[in-house]
Amino acid sequence: MVSFRALNTDNNPIMQAELAYQRRLTPPHPFRRRWLGRIVALLAVTVTLILFGGEVVGALLYRDPTSIGDWFGFGTTLLVIGVVAQHFLLLFRTLSLAANTIAREQHGHTWDMLVLTGVDARRIVRGKWWATVRRQWRAYALLAVLRGGVVVWYGASTSRFFTSTLAAYGAYYSSSHYLSIPRAEHLLLAAVLVAALTLVNLGFTAAVGVAASAEMRSPVLTLARALFLRLLVLVVAAALLSFLALLLSYLLAETLPIAAFSLTEWLNRLSIVLVDNGFSLGAELSNYHWSQPNYPTVADNPVGYGLLAAFTSLALYALFTWMLLRLAQRQAVRQHALPPPLD
């Protein structure tokens, strides 16, 4: 769908120029601040890997790793808050950079010069988009590692707390239920899926910003439009998937109950994954929970539905990215850019 030949640095001067501008736009921080940021990032990654490794080892050895998180104390809370804050800060930063790509050319009176160079709309749009992705990928790679580890630890630790609370205050659970411990491969899979969804989110967010920028409004209106467009795409997609799940469960409940249940579970999980970018999926794969031997539930085997929802959401993120880039190309053509050549 996306031609990597058009994104190649040797063949796309638009990408080179945009990347150079974005680098000038955000000059390097002072030496002390830069090293302080690196130390904080290293500490965050170290704590995340320790917490995640403790969960994996605990699952392998059937040991309770709660003491590892307790040892860090309030540091785990700071880590979770920091990862959530970094997620949204990078989202706004990416939207801001991408939303300024094409609109800046118009406000700086350089759009006509860019159009007269003979570069078609496809190369302009994809060059601007790819420059933003390249500018932000290091920060998102770090965020992917942090989100993957933190989501697994958070899902396992919180579910462990609730299961222990149920066992302490309800003898019913300790006598008639068994504690299902997540498998180590499920924890690894959860971390990988959350990290992959985080990285794909970068391309999608950058495409939203470029599509909003192609309208060539004022910078403030362009950023607001990008935020609204991103929310609109995800909310509408999630609402349509939820409505489809409800419709299928109604139509197939009597004739094909097993198929209706499977489709409903898949579509509901898919809608949630799109909105929270894999947080609920990673937490579900990491959950400790009480189960009855004779009445297995979906939570007893979440991998099937989770994998299906994760891979479908990755495909949908890619589809949304492609559609938004095509939308930006059409808008650029309306602004007198050359139409892309026929493939």
- prompt: Around Leu25, with a cut-off of 12 angstrom between Cβ atoms, what is the net charge of the other residues, counting Lys and Arg +1 and Asp and Glu -1?
  reply: +4
message: Checking understanding here: applying a Kyte-Doolittle mean of at least -0.5 and a length along the axis of at least 27 Å (C-alpha), which whole DSSP H helices in the chain pass?
response: 31-61, 74-99, 121-169, 184-213, 219-252, 257-276, 303-334
- prompt: How large, in percent, is the carbon and sulfur part of the accessible surface of the stretch 174-271 at a probe radius of 1.4 Å?
  reply: 76 percent
query: What accessible surface, in Å², does a 1.4 Å probe find on Leu308, ignoring ligands, DNA and RNA and rounding to the nearest 10?
result: 80 Å²
task: Calculate, for the chain, the solvent-accessible area per residue in square angstrom, rolling a 1.4 angstrom probe over the heavy atoms of the protein chains.
output: 53 Å²
message: Can you pull out the chymotrypsin sites (Phe, Trp or Tyr not before Pro) in the stretch 54-132 whose DSSP state is coil and whose Cβ has at most 15 other Cβ atoms within 10 Å?
response: Tyr62
- prompt: What does the accessible area of Ser280 come to, in Å² to the nearest 10, when a probe of 1.4 Å is used?
  reply: 40 Å²
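Once you have the Cα-Cα distance between Ser67 and Ala141, take 0.36 nm times their residue separation minus that, and quote the gain in nm to one decimal.
The span from Ser67 to Ala141 would gain 23.8 nm if fully extended.
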- prompt: Near the amide H of Leu338, under 5 Å away, which other amide H atoms are found, from residues 5 or more places off or on another chain, if H is placed in the peptide plane?
  reply: Ala121
- line: Largest fluctuation, Leu90, Leu247, Leu51 only, Gaussian network model of the chain with Cα springs under 10 angstrom, belongs to Leu247
- line: GNM of the chain, Cα pairs under 10 angstrom: of Ala214, Ala259, Ala139, the biggest fluctuation goes to Ala259
field: Local net charge near Arg269, Cβ-Cβ under 14 Å (Lys/Arg +1, Asp/Glu -1)
entry: -3
message: Among Ala253, Ala207, Ala315, which one shows the highest mean-square fluctuation when the chain is modelled as a Gaussian network with alpha-carbon springs under 10 Å?
response: Ala253
- request: Could you tell me whether the chain comes out rounded, prolate or oblate from its Cα gyration tensor? Rule is a ≥ b ≥ c as square roots of the eigenvalues, rounded for a/c under 1.5, then prolate if a/b exceeds b/c, otherwise oblate.
  value: oblate
- prompt: How much length, in nm to one decimal, is gained on full extension between Phe311 and Phe261, taken as 0.36 nm per residue of separation minus their Cα-Cα distance?
  reply: 16.1 nm
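The values are calculated or read from the model by the stated rules, or taken from the named source; none is laboratory data. Please read all numbers here as calculations on a predicted model, not as lab measurements. Every residue, glycine among them, receives a Cβ derived from its backbone with ideal geometry; neighbour counts consider all protein chains shown. Side chains are part of the model used for accessible areas, which takes the heavy atoms of the whole protein and leaves out ligands, DNA and RNA. Shrake-Rupley method; radii C 1.70, N 1.55, O 1.52, S 1.80 Å.
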